[in-house]
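Student: This is the structure I have questions about; it appears just below.
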Amino acid sequence: MAKHIFITGGVVSSLGKGITAASIGMLLKNRGLRVRHQKLDPYINVDPGTMSPFQHGEVYVTNDGAETDLDLGHYERFTGIACTRHSNYTTGQIYHAVISKERRGDYLGATVQVIPHITNEIKQAILSVGGDDVDVAITEIGGTAGDIESLPFLEATRQLYHELGRGNALFIHLTLVPYIRAAGEMKTKPAQQSTGILRSIGIQPDILVCRCEHHMSEEHFKKLALFCNIERRAVIEEKDVALSIYEVPLELQQQGLDELVLEFLNMRAKPPALSAWKKMISSLRHPAHEVELAIVGKYIQLRDAYKSIYEALDHAGFALQTRVKIRGVQAEDVEKKDAASLLAGVHGILVPGGFGYRGIEGKINAITHARERRIPFLGLCLGMQCAVIEFARHVCGLKGATSEEWHPKAEHKVIALMAGQKSVTEMGGTMRLGAYPCVLAAASQARALYRAPRVDERHRHRYEVNNTYRAEFERRGMLLSGLSPDGQLVEIIELRDHPYFLATQAHPEFQSQPTKPHPLFRGFVKAALSHRSSPT
Ligand code: GLN
């Protein structure tokens, strides 16, 4: 039977619960334990798939095709363990399940209530990640202690904690110990109060993890232990890290958090194997080179919108001892100003995924610039569709070539709706989602980078390359280097006569890890490095 860890947050949001949960999972995994992660989100949307990136940031896609919270990306990057659709539940999903049961008559005439029906459904969701093949399940509860909407989730974990019994479950509370500049002091009161809120609903945290800007003094530790009713040794500091979120697990490990978790859960495990991780940290601390890459997108002002892309670029940088500097370029600006001035001096250009027409012409202008000036280019999903449109217009001379997504009546819809999408009317969860296989062409850059004839990548799209134009593209020098096994879908394209011009219909960024960068990102950063030393 799996042991369960529940992670709650207090005082403010954005404390880094996801990173903390991921770090704990990473430490336990590297001690040989089988770990699973889960995030409970208290909003009413069934999933974030229909939410704007401004609201929610990136939508992270799992292998089994769930559209989920971006914290799942942290879990996978830190542990290398794939999440599933059970790794993310929202209030919307829980209520949807309960209301469907009620309509079916499953409750046999009972009055359906938050307690026990909603809380039972939540408990079932939590237990679904704690199967026989799991040693420790880590569940992060979204929101902040005191929020009305997260109460049913907290109540469900309170019940489960007692049902599982001492030594089988653990509450870790992540809180804030702010530095008040005017007083020149760090204050423990907010942390005392957020722990107090949990106690008032029957939850006594076992471990308190304190986010802070400066080191806490022994006095702070003692005070927090006393007022929060927690052992002194179970008060842990999580000070802002200097360089990278990937330093967090090592900081926590130094304070013995992994040992403490094992002790509280009555478990034993081998010492942590952290040498690969430490090597990666030392590389990120001492880069030998630097490249500047442009991301031409609609949400560049919002770091969370392209989270996995930024991470994947960093990972490639770690492996190449290279600091990757990002120049965020607003796609619409490349429509008004010329690409050459906005992109002057960059060593690589990346066009990410997206939806809708806004900014498209700017992305296409940026791609023309990358193609003509032989600047390394990586296109992801919509980025690939734009690259195909650019090629169709400017190399094949197909005037007004476009995508059916924005111009359904155009003459040259070189990007068209997938056959299976034609009957779709509902927006949520209906795209081509999750991992699909892709066969790589023998003499291609993609094949050389992946070092495999066949790969699996995750998808999230409705449109694809229109097969009518394939022969024309190939004749003009585009290599369709990745195809679905039945040959029907173009998954990767590249240009023969270019140092690095590669685009994929998939989202490879979701599979990159800090100690195992994704081959396409690594290839891109490597090409950027060569471009920097000898611009073509
Ligand atoms: N809007 C495009 C489609 O649906 C691309 C999607 C994406 O970039 N994720 O096909």
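Student: Just checking, which of GLU464, GLU457, GLU491, GLU509 is outside any strand (DSSP E or B) and within 21 Å of PHE377 (Cβ to Cβ)?
Tutor: None of the other options fit; the residue is GLU509.
Student: Output the residues belonging to the stretch 221-245 that are out of contact with any strand residue (DSSP E or B) (no Cβ under 6 Å at 6 or more places or on another chain) and in contact (Cβ under 8 Å) with a residue 12 or more places away in the chain.
Tutor: Result: LYS223, PHE227, ASN229, ARG233, ASP240, LEU243, SER244, ILE245.
Student: Also, I was wondering about something else. Among the residues of the stretch 292-311, which ones are more than 22 Å from GLN511 (Cβ to Cβ) and β-branched (Val, Ile, Thr)?
Tutor: Hits for the stretch 292-311 are VAL296, ILE300.
Student: Which residues, taken from the stretch 341-356, are out of contact with any strand residue (DSSP E or B) (no Cβ under 6 Å at 6 or more places or on another chain), on the phi < 0 side of the Ramachandran plot and either of a type in the set (D, E, K, R) or more than 10 Å from the ligand (Cβ to nearest atom) (or both)?
Tutor: Within the stretch 341-356, SER341, ALA344 meet the criteria.
Student: Still on this model: Looking at the structure I just gave you, is VAL296 assigned to a strand (DSSP E or B) and within 21 Å of the chain's Cα centre (by Cα)?
Tutor: Yes.
Student: When the residues of the stretch 205-232 are narrowed to those that are under 22 Å from LEU160 (Cα atoms) and in contact with a Leu (Cβ under 7 Å, 6 or more places away or on another chain), which ends up surrounded by the fewest Cβ atoms within 10 Å (Cβ to Cβ)?
Tutor: Of everything passing the filter in the stretch 205-232, ILE230 is surrounded by the fewest Cβ atoms within 10 Å (Cβ to Cβ).
Student: Going through ALA366, ALA387 one at a time, which residue ends up being more than 10 Å from the ligand (Cβ to nearest atom) and either of a type in the set (Phe, Trp, Tyr) or in contact with a Phe, Trp or Tyr (Cβ under 8 Å, 6 or more places away or on another chain) (or both)?
Tutor: ALA387
Student: VAL241 - would you say it is open to solvent by less than 80 Å² (accessible area, probe 1.4 Å), modelled with pLDDT of 95 or more and under 33 Å from the mean Cα position of the chain (by Cα)?
Tutor: No: the conditions fail for VAL241.
Student: Restricting to the stretch 61-88, count the residues that are more than 17 Å from ALA137 (Cβ to Cβ) and of a type in the set (Lys, Arg).
Tutor: Within the stretch 61-88, residues that are more than 17 Å from ALA137 (Cβ to Cβ) and of a type in the set (Lys, Arg) number 1.
Student: Could you look through the stretch 457-497, keep only residues that are of a type in the set (S, T, N, Q) and more than 16 Å from the ligand (Cβ to nearest atom), and pick out the one that is surrounded by the most Cβ atoms within 10 Å (Cβ to Cβ)?
Tutor: The qualifying residue surrounded by the most Cβ atoms within 10 Å (Cβ to Cβ) is SER481.
Student: While we're looking at this one, here's another question. Please verify whether the stretch 369-382 includes one or more residues that are buried (at least 24 other Cβ atoms within 10 Å of the Cβ), away from the ligand (no atom under 14 Å from the Cβ) and part of a helix (DSSP H, G or I).
Tutor: The answer is yes; a qualifying residue exists.
Student: Yes or no: GLU390 without any contact (Cβ under 8 Å) to a residue 12 or more places away in the chain and within 20 Å of TYR500 (Cα to Cα)?
Tutor: No, not satisfied.
Student: Find the residue count for the stretch 179-192, including only residues that are in contact (Cβ under 8 Å) with a residue 60 or more places away in the chain and open to solvent by 10 Å² or more (accessible area, probe 1.4 Å).
Tutor: 1
Student: Go through the stretch 310-333 and give me each residue that's hydrophobic (A, V, I, L, M, F, W, C) and within 21 Å of TYR357 (Cα to Cα).
Tutor: Across the stretch 310-333, the qualifying residues are VAL329, ALA331.
Student: Restricting attention to the stretch 251-266, report how many residues are outside any helix (DSSP H, G or I) and either out of contact with any helix residue (DSSP H, G or I) (no Cβ under 8 Å at 6 or more places or on another chain) or among the aromatic types (Phe, Trp, Tyr) (or both).
Tutor: Counting residues in the stretch 251-266 that are outside any helix (DSSP H, G or I) and either out of contact with any helix residue (DSSP H, G or I) (no Cβ under 8 Å at 6 or more places or on another chain) or among the aromatic types (Phe, Trp, Tyr) (or both) gives 3.
Student: Among the numbered criteria (1) free of Cβ contacts under 8 Å to residues at least 12 places away in the same chain; (2) touching a His at 6+ places or on another chain (Cβ under 6 Å), which one does ALA442 miss?
Tutor: Result: ALA442 fails condition (2) only.
Student: I would also like to ask the following. Among (1) surrounded by 15 or more Cβ atoms within 10 Å (Cβ to Cβ); (2) part of a helix (DSSP H, G or I), there is one condition LYS279 misses while meeting the rest; what is its number?
Tutor: If we test LYS279 against (1) surrounded by 15 or more Cβ atoms within 10 Å (Cβ to Cβ); (2) part of a helix (DSSP H, G or I), just (1) comes out false.
Student: Scan THR119, THR111, THR175 and give me the residue that is on the phi < 0 side of the Ramachandran plot and in a helix (DSSP H, G or I).
Tutor: Result of the check over THR119, THR111, THR175: THR119.
Student: Here's a check for you: in the stretch 323-340, which residue that is among the β-branched types (Val, Ile, Thr) and open to solvent by 10 Å² or more (accessible area, probe 1.4 Å) is farthest from the ligand (Cβ to nearest atom)?
Tutor: VAL324
Student: Let me confirm something: among ARG476, ARG451, ARG496, which residue is in contact with a Leu (Cβ under 7 Å, 6 or more places away or on another chain) and over 26 Å from TYR306 (Cβ atoms)?
Tutor: Just a single option satisfies the conditions, and that option is ARG496.
Student: Go through the stretch 1-30 and report how many residues are part of a helix (DSSP H, G or I) and either under 13 Å from ASP258 (Cβ atoms) or more than 20 Å from the chain's Cα centre (by Cα) (or both).
Tutor: 8
The values are calculated or read from the model by the stated rules, or taken from the named source; none is laboratory data. The shown structure was predicted, so the numbers you read here are calculated from the model rather than taken from an experiment. Backbone-built Cβ (ideal geometry, glycine too); neighbour counts: all protein chains shown. These area figures cover heavy atoms from the full protein model, side chains too; ligands, DNA and RNA do not enter into them. Shrake-Rupley method; radii C 1.70, N 1.55, O 1.52, S 1.80 Å.
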